[in-house]
Every structure is written in structure tokens, then in C-alpha cells.
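Novice: Got a structure for you, questions after.
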Amino acid sequence: MISGSPYAGKTPLEWKGITKSLLNDFPLSPKTLIQITLDAWKDIFHSEIGQEKFRIGKDIFPRPQIMGFLLHELIPLKLHSRFSEWKKDKEVTEKDIVYTPDIKYSLEIKTSSHRNRIFGNRSYAQPTDNSKKDKSGYFLAINFEKFSENPNPRIKLIRFGWLDHTDWIGQRAATGQQAHLRSESEENKLLVLYRL
């Protein structure tokens, strides 16, 4: 578990400066985070499936959830292939990408086909249950186009930062399963690394 928020006791006006310091101290450079993400996206379209060699974007046009899933799987694998100290999660208590020398730098991946917002499960807005992974920590947020918007969809936005469970607002309806970020958190706790 990560102890304490780097934003504790600070006002929203101070958040952006704290986020910049977190990025400067992070073991991966912004350039590396961008390159890994864009390479993973390209790989989705270069992969062939089955004996017929079906290709995404030519024969198969997945829904955004599937494209997000593929990014979610490929980014940790590509990162591990270049830097062995980073690995994909294996346990439910681990972040999506684990930094083995120091787990405080492990991070979550969030993807969305929305123009500029990301979403989480409703559970993100709730305090951490001891049996689950910490909801606070580093996040890589990726927004991409849908096939319905562009026959050759692209990554539109890559952001990086730290989010706490208190930054998320869960849906009010008892059946609602989604959470979104508070606007001041999205603006000040996620720094834009790449914008198309």
C-alpha cells in the first residue's frame, strides 16, 4: 500500500506543481510513456488473427471497450520487453503495471473513447478495501478515436499523473457502475503528455 497522498493538505491551486514534481521523479520519462503507448496502438493494427490473417481496422472493427482492453494488455507487455523491472499485474492487489524495485511507482491504465475524459468503476470513488488494490496512485490516461468517428482511429490524448480515490465521483444510482473525475482533479492532477 502507498502511504498518504502527495496532495494532502494542499489546495487545488498547488496541485499542478505537485503533479509536475511527481512526473519529474517518475522512473519513466514522458517520451517513453508516449512512445510505448503509441507503439502499442500501432501494434493493434499490425497484428494478424487466424489462418486468414484478419486485421483490426481492415476486417475487424472492435468496439472501444475491446480497443481499450488491447491497450491495457499491450502497454505493460511492451514496457516489460524494454525494461525488465516493469511487469504486468498478476494479482488482484497489484496495479496494472508493477515497478518491481519500488511498488510506489506502479501505475494504473485508464482508456476511453471520450474526447477528453476518463472513467473508472464506481469502486474507484470508495475507500480501499484491504483485499483489493489501492485506488490511489499513478495513472496513465489514454483517449482514442472510435472506428465510427474515423476509419483509421488514432490516439488523441495521453495524460499522466496521480489520482486519489477522493478525486472520483461515483454514479448516484444504485445500479450505476461508473465513476468520473472531479473537474479540478482532471485539470490539475493529470498532465498532458501528448495531444493530437
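Novice: Charges on Cβ only, +1 for Lys and Arg, -1 for Asp and Glu, centred on the Cα centroid of the chain; of N24, F83, L157, which one is farthest towards the dipole's positive end?
Specialist: Positive-end residue among those listed: L157.
Novice: With both bridge residues required to lie in region 18-195, what share of the DSSP beta bridges run antiparallel, to the nearest 5%?
Specialist: 80 percent
Novice: Which aspartates and glutamates, on any chain, are close to K156 with Cα under 12 Å apart, when same-chain ones fewer than 8 places away are left out?
Specialist: The reachable aspartates and glutamates, counting only those whose Cα sits under 12 Å from K156, are E145.
Novice: Can I ask one more? Would you grab the residues whose amide H sits under 5 Å from the one on K135? Only those 5+ places off in sequence or on another chain, please, with H modelled 1.01 Å from N.
Specialist: T128
Novice: Would you mind computing, in nm to one decimal, how far apart the modelled labels at S81 and F45 are, each placed 7 Å from Cα along Cα→Cβ?
Specialist: Reported label-point gap for S81 and F45 is 1.8 nm.
Novice: So which lysines pass the test for K104, namely a Cα distance under 16 Å, with those fewer than 8 places away in the same chain ruled out?
Specialist: Within the straight-line limit of under 16 Å, K104 reaches these lysines: K87, K88, K95, K132, K133, K135.
Novice: How would V92, V98, V192 line up from fewest to most surrounding beta-carbon atoms within 10 angstrom? Mind showing how you got there, number by number?
Specialist: Working: V92 8, V98 19, V192 13.
Least to most surrounded, the residues fall as V92, V192, V98.
Novice: Give the separation of the Cα centroids, region 61-118 to region 1-46, in Å.
Specialist: Using only Cα atoms to place each centre, the spacing works out to 13 Å.
Novice: Another one. When the Karplus curve 6.51 cos²θ - 1.76 cosθ + 1.60 is applied with θ = phi - 60°, which whole-Hz ³J(HN,Hα) does each residue of region 104-117 get, with x for Gly and Pro?
Specialist: Listing the rounded values in order: 5, 8, 5, 9, 9, 10, 10, 10, 7, 8, 5, 4, 8, 10 Hz.
Novice: Using C-alpha positions alone, give me the convex hull volume of the chain per residue in cubic angstrom.
Specialist: Each residue corresponds to 141 Å³ of Cα convex hull volume.
Novice: Next question, about the same structure. So what are the ³J(HN,Hα) numbers for region 84-91, from phi and the Karplus equation (6.51, -1.76, 1.60; θ = phi - 60°), rounded to whole Hz, Gly and Pro as x?
Specialist: Karplus-based 3J(HN,Hα) across region 84-91 equals 5, 6, 9, 9, 6, 4, 10, 10 Hz.
Novice: Using θ = phi - 60° and the Karplus form 6.51 cos²θ - 1.76 cosθ + 1.60, what ³J(HN,Hα) does each residue of region 190-195 get, whole Hz, x for Gly and Pro?
Specialist: Working through the residues one at a time gives 10, 8, 6, 9, 8, 9 Hz.
Novice: Test of the criteria: in region 1-99, which GluC sites (Glu not before Pro) are in a DSSP loop and have at most 13 other Cβ atoms within 10 angstrom of their Cβ?
Specialist: On the way: sites: E14, E48, E52, E73, E85, E91, E94; in loops: E52, E85, E91, E94.
Here the GluC sites (Glu not before Pro) that fit, given the DSSP loop and packing criteria, are E52, E85, E91.
Novice: Here is a further query. In terms of modelled amide H atoms, which long-range or inter-chain residues lie less than 5 Å from the amide H of S106?
Specialist: Under 5 Å from the amide H of S106: Y99.
Novice: Starting from the amide H of L193, placed 1.01 Å from N in the peptide plane, find each other amide H under 5 Å away whose residue is 5 or more places distant or on another chain.
Specialist: I158, R159, F160
Novice: To the nearest 20 Debye, how big is the dipole of region 18-195 about its Cα centre, given +1 on the beta carbon of each Lys and Arg and -1 on that of each Asp and Glu?
Specialist: The dipole of region 18-195 has a size of about 400 debye.
Novice: Something else: Return the subset of K20/K58; K10/K78; K31/K90 for which the Cα-Cα distance in this structure is over 32 Å, preserving the input order.
Specialist: K20/K58; K10/K78
Read-outs: derived from the displayed coordinates by stated rules, not from any lab. All values reported here derive from a predicted model rather than from experimental measurement. Quick reminder, even Gly has a Cβ in these numbers, built from the backbone with ideal geometry, and neighbours come from all protein chains shown.
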